[in-house]
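The values are calculated or read from the model by the stated rules, or taken from the named source; none is laboratory data. These figures come from a predicted structure and were not determined experimentally. As a convention, Cβ positions derive from the backbone with ideal geometry for all residues, glycine included, and neighbour counts pool all protein chains shown. Just the protein is used for accessible areas: all its heavy atoms, side chains included, with ligands, DNA and RNA removed. Shrake-Rupley method; radii C 1.70, N 1.55, O 1.52, S 1.80 Å.
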Amino acid sequence: MEPGERWAYRAAPYAGPVSEVEVLRLGSQRPLRVKVRFCEEAAEGRQEWVPPARLRVRWEDKEPWLARQERWAQLTLDGPDQEDPEFYAASMVFEECPLEGVVSMGWNYRERGVLYVHDSPALAALLKVPEASFCTDPRTFTDEEGTLTAPWPTTLATARLIAQVHADALAATLAREEEQAQRDAAYGKYYRGRGGNPGTYIHPEICAEVHRERQPGRDLVREWCGAQAIDQVAELAALRTEVLRIGKLMEHAIQTLRLNGHTKAADQLERQLGIPVEVLRHATLSDPG
């Protein structure tokens, strides 16, 4: 940026009128300021010291810059809110099933819900869909680095497909999260502090409220995963509970035998069982009865 150059000035970063200004002088103090003259006739030669960030692009580059801004505005027109259950569900999918170098999703308010496909052939092969399925929305474009950039409806459809592919892992994550959420709703949650910070305790009522807010998003992920994956996780959880119960009973039986002088029988039973819980788990899984 040099004196004499013409720049496109806009006070707000993404909206508002754009004015042609001429750079008159660069400031020498902090925070840095630039002295400009507004070129349109209506400004009557007005001069101001302004932050350099308000000088968006060289004036000759204004039209392509505005076109890119409008393209992005259209791309994000139907983007999700932060509290949208569908956004929470998609966020869970992309967090729990990272596909680094293949696909990702935007998070902050300017790109929330935008889909970035870095490797279309790999993603199409993983999801067993044609590559063209990521380009069905006319707002989709490919940026200068070759990344396919698509709007929220495409992101949502892609998240559903990824959830189906990783249904087992997501179902297990859902079970863990909901179990933790129920504990937090009953007892609260404590975040350990660092150094002299005593930490933070979140009351059960607040934890329960957060759980209620997130539940619709979790329910969507459960729906995307399908009933089979969810049922398998539930059956496995019930099996583990039963295995632990039987294992404790067997350990108690071995201890009782020893206390009553039946050491030989206790040793024989222990040798047969090995590590009780592990042996019983395999026996239960292989025995349909």
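Odds and ends about this structure:
- Within the range 71-82, being in a loop (DSSP other than H, G, I, E, B) and open to solvent by less than 70 Å² (accessible area, probe 1.4 Å) holds for 76, 78, 79, 80.
- Pair list, Cβ < 6 Å and 6+ apart or interchain, from the range 62-85 residues that are of a type in the set (D, E, K, R) to residues that are modelled with pLDDT of 95 or more: 62/8; 78/152
- The set of residues in the range 148-162 being under 16 Å from residue 76 (Cβ atoms), surrounded by fewer than 22 Cβ atoms within 10 Å (Cβ to Cβ) and of a type outside the set (A, V, I, L, M, F, W, C) consists of 149, 151, 153.
- Pairing residues of the range 249-261 that are open to solvent by less than 100 Å² (accessible area, probe 1.4 Å) with residues that are of a type in the set (Ser, Thr, Tyr) and part of a helix (DSSP H, G or I), at Cβ distances under 8 Å and at least 6 apart in sequence or on separate chains, gives 257/263.
- Restricting the range 83-105 to residues that are over 23 Å from residue 222 (Cβ atoms) and at pLDDT below 95, the residue that is most open to solvent (accessible area, probe 1.4 Å): 100
Results for (1) without any contact (Cβ under 8 Å) to a residue 24 or more places away in the chain; (2) touching a Gly at 6+ places or on another chain (Cβ under 9 Å), shown as yes or no for each residue.
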| residue | (1), (2) |
| --- | --- |
| 177 | no, no |
| 187 | yes, no |
| 190 | yes, yes |
| 193 | yes, yes |
| 200 | yes, yes |
| 203 | yes, yes |
| 209 | yes, no |
| 217 | no, no |
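- Wholly enclosed helices (runs of 4 or more DSSP H) of the range 85-165 bearing at least 2 residues closer than 24 Å to residue 214 by Cα and of a type in the set (Gly, Ala, Ser): 85-96, 152-165
- Checked against the criterion of being modelled with pLDDT under 90, farther than 30 Å from residue 101 by Cβ and either buried (at least 16 other Cβ atoms within 10 Å of the Cβ) or touching a helix residue (DSSP H, G or I) at 6+ places or on another chain (Cβ under 8 Å) (or both), the range 163-174 has no qualifying residue.
- For the range 192-222, the candidate set comprises residues that are surrounded by 12 or more Cβ atoms within 10 Å (Cβ to Cβ) and of a type in the set (Lys, Arg); within that set, the residue that is nearest to residue 89 (Cα to Cα) is 218.
- Long-range neighbours under 8 Å by Cβ, at least six apart or interchain, first residue free of Cβ contacts under 8 Å to residues at least 60 places away in the same chain within the range 128-141, second of a type outside the set (A, V, I, L, M, F, W, C) and open to solvent by 70 Å² or more (accessible area, probe 1.4 Å): 131/121
- With respect to (1) open to solvent by less than 70 Å² (accessible area, probe 1.4 Å); (2) more than 29 Å from residue 110 (Cβ to Cβ), the lone exception for residue 47 is condition (1).
- Checking every residue in the range 223-238 against the condition of being at pLDDT 90 or above, open to solvent by 40 Å² or more (accessible area, probe 1.4 Å) and within 28 Å of residue 81 (Cβ to Cβ) gives at least one match.
Table: residues versus (1) under 29 Å from residue 109 (Cβ atoms); (2) basic (Lys, Arg); (3) open to solvent by less than 40 Å² (accessible area, probe 1.4 Å).
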{"residue": "2", "(1), (2), (3)": "no, no, no"}
{"residue": "15", "(1), (2), (3)": "yes, no, no"}
{"residue": "19", "(1), (2), (3)": "yes, no, yes"}
{"residue": "29", "(1), (2), (3)": "no, no, no"}
{"residue": "40", "(1), (2), (3)": "no, no, no"}
{"residue": "43", "(1), (2), (3)": "no, no, yes"}
{"residue": "59", "(1), (2), (3)": "yes, no, no"}
